[in-house]
Amino acid sequence: MKWTIHARRSVAVVGLIGIASFASLLLNFLFYTHRYPQTAAILPASNRSDEAICHEESATKKPIKSTKLAICENPYLQPGFVWYNDTKEETQTTWVPFYPNLLDQSYSLTTLRSTREPVDPYTSDGDPYFPTEAPPQELLDIAPHQWMQDIVRHYELHKASVASETGQSSRSRQVLELEELENRLVWLRNRRILIVSDSVDRYQSEYICNRIGNGLTHSKQGRQTAAWCHIPAWNFTLMNWHIASVSPTRPSWWWVKEMAIVNVEERWTEYYLPTLKDTIGMNGKSPDLILFHTGLWDHTYFIRGPEALGQNATWSRSLNWRELRFYMQRMRMVVSMLRAQFGDDVPIMCRSVTLKRSLPSNVSILNLDRAARFVCNELDIEIMEFGEIIRGYFDFYKDTVHIDRGPLSVLWANMILWSLFRTQGGVEVRGELVKMPTNSTEVVNVAEGWNRCHNDFMNAKRY
């Protein structure tokens, strides 16, 4: 009897241990699958639904180990660096983002040779030597797509008389390349971008058109009113509405004598609305994308005002609360005018401010940039981080304010085209075009394409 009781107790204990072990295994399994979910593969250039491609890992490249990829990942919000090669064509310029877990990759590790031997044939003291070289191809593969490079190459191939200047095999290769570019860029056809900004962005628009044989057309009312860059081959237009600060009046001390109208409300009626027909996209009510910025004119406005009253014009001073509050209120007013004109669902981006080559004056410009970021966040508007990315690249300026044609203008083009691609329903994941817009002749709901990742980008980590 005692033996039977002990046996039953032993069986019960073993059973409890077994149940506990199974429960532990089950909990571990659930924890593992929750933390490291298995995902399906992304197929390049696929056109599947958002549900099918959301939070999927690239099975072909796996650029970053053990990283869950999502369709809502903006490469221009990641830390990174601008890569350009002085010996190559400027369209080779690209933004190289640093994604999470990048340092786990073998190509990111630097192995230094022993300092007991010369590091380089021309180095005798054994100090570390870092020769100039392009980033590893694995990094370039996950960089954002270079749309400007595609556009320029398409133009060059289309312009060239390949039939008379090359052999049959070379001509066939170029024809195939041209067709490939045509298919990849077809979404660009019939699109409209409105840029409400200053001459910094106007110059960038002009550089895009100059590279493909077109110029910038200015309104008969002057350069600082309205201008547009139209690409007939794609029926693609960049419309520029020049904004000369957020001042509600034209002060008597205004420093540009030939500028008859300063305030936005009057400029809207006199300069902007006459170009409206060339600004409206295929939906009949709005452009496909709006890029908005105001800052450099406002900076001069705040410094020159006290100077006109007999005070010292201290360019390096910090702006005060009254100035910043005024700037933010008027900035909100301009955005409200844009939304009233084109609808609340029109995609709008605010460009971060570019600094001046004159370093002392940048203190108050940075004040404006931070105030603008606050307003954009309150108005649920994303930031185009062009100004932040190029901060300090003064050698690429053409004067104290404007950025010259070159690597930075290519970067600007790639950034704005990346956002336009998104409004058309396109999805890019770490260099792969995983979802292409369907048809360039259809009316596209740009708000739908924009809103797919809008909340993610608004809440993205800022480094």
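Give region 416-457 a look and list any residue that's surrounded by fewer than 20 Cβ atoms within 10 Å (Cβ to Cβ), aliphatic (A, V, I, L, M) and within 13 Å of residue 347 (Cα to Cα), or say none. Listed by number, the list holds a single entry, 447. Every condition in (1) of a type in the set (A, V, I, L, M); (2) in a loop (DSSP other than H, G, I, E, B); (3) surrounded by fewer than 19 Cβ atoms within 10 Å (Cβ to Cβ) holds for residue 353 except the one numbered (3).
Quick check: is even one residue across region 302-309 outside any loop (DSSP other than H, G, I, E, B), closer than 22 Å to residue 335 by Cβ and out of contact with any strand residue (DSSP E or B) (no Cβ under 9 Å at 6 or more places or on another chain)? Please lay out each step first, then the result.
Filtering region 302-309 for residues outside any loop (DSSP other than H, G, I, E, B) gives 302-308.
When the remaining residues are screened for being closer than 22 Å to residue 335 by Cβ, the result is 302.
Adding the requirement that they be out of contact with any strand residue (DSSP E or B) (no Cβ under 9 Å at 6 or more places or on another chain) leaves 302.
For region 302-309, residues outside any loop (DSSP other than H, G, I, E, B), closer than 22 Å to residue 335 by Cβ and out of contact with any strand residue (DSSP E or B) (no Cβ under 9 Å at 6 or more places or on another chain): present.
Residue 438 falls short on exactly one of the conditions (1) within 18 Å of the chain's Cα centre (by Cα); (2) outside any strand (DSSP E or B); (3) of a type outside the set (Asp, Glu), and that condition is (1).
Checking each residue in region 169-226 for being out of contact with any helix residue (DSSP H, G or I) (no Cβ under 9 Å at 6 or more places or on another chain) and hydrophobic (A, V, I, L, M, F, W, C) picks out 176, 186, 209. Could you grab me the full set of residues in region 315-341 that are touching a residue at least 60 places away in the same chain (Cβ under 8 Å) and either surrounded by 20 or more Cβ atoms within 10 Å (Cβ to Cβ) or in contact with a Leu (Cβ under 9 Å, 6 or more places away or on another chain) (or both)? Matches in region 315-341: 327, 331, 338.
I'd like to verify a number: residues in region 90-136 that are surrounded by 12 or more Cβ atoms within 10 Å (Cβ to Cβ), closer than 30 Å to residue 386 by Cα, at pLDDT below 85 and among the acidic types (Asp, Glu), how many? Looking only at that region, the number is 1. Every test in (1) surrounded by fewer than 21 Cβ atoms within 10 Å (Cβ to Cβ); (2) within 21 Å of residue 284 (Cβ to Cβ); (3) at pLDDT 95 or above is passed by residue 398 save one, and that test is (2).
Filtered by the rule that a residue be crowded, with 18+ Cβ neighbours inside 10 Å and either over 30 Å from residue 313 (Cα atoms) or of a type outside the set (A, V, I, L, M) (or both), region 234-253 gives 234, 236, 237, 238, 239, 240, 241, 242, 245, 247.
Of the strands (runs of 3 or more DSSP E) contained entirely in region 182-272, those carrying at least 1 residues that are out of contact with any strand residue (DSSP E or B) (no Cβ under 7 Å at 6 or more places or on another chain) fall at 226-231, 236-242.
Within region 407-443, the set of residues being over 26 Å from residue 70 (Cα atoms) and at pLDDT 95 or above comprises 407, 408, 409, 410.
In region 182-216, what residues are without any contact (Cβ under 8 Å) to a residue 60 or more places away in the chain and surrounded by fewer than 17 Cβ atoms within 10 Å (Cβ to Cβ)? Walk me through how you get there before you give the answer.
The initial filter retains those residues of region 182-216 that are without any contact (Cβ under 8 Å) to a residue 60 or more places away in the chain, namely 182-183, 185, 202, 205-206, 209, 213-216.
Result: 182, 183, 213, 214, 215.
The condition (being closer than 30 Å to residue 359 by Cα and out of contact with any strand residue (DSSP E or B) (no Cβ under 9 Å at 6 or more places or on another chain)) is satisfied by just one residue among 401, 410, 443: 401. Scanning region 328-350 for residues that are part of a helix (DSSP H, G or I) and in contact with a Phe, Trp or Tyr (Cβ under 8 Å, 6 or more places away or on another chain) turns up 328, 334, 335, 337, 338. Considering (1) at pLDDT below 95; (2) closer than 14 Å to residue 193 by Cβ, the lone condition that residue 214 does not fulfil carries the number (2). Taken over region 222-233, the criterion of being crowded, with 22+ Cβ neighbours inside 10 Å and of a type in the set (A, V, I, L, M) is satisfied by 226, 227. Going through (1) part of a loop (DSSP other than H, G, I, E, B); (2) closer than 16 Å to residue 197 by Cβ one by one, residue 405 falls short only on (2).
The values are calculated or read from the model by the stated rules, or taken from the named source; none is laboratory data. Quick caveat, the model's predicted, so the values are computed rather than measured. Please note: Cβ atoms are built from the backbone with ideal geometry, for glycine as well, and neighbour counts cover all protein chains shown.
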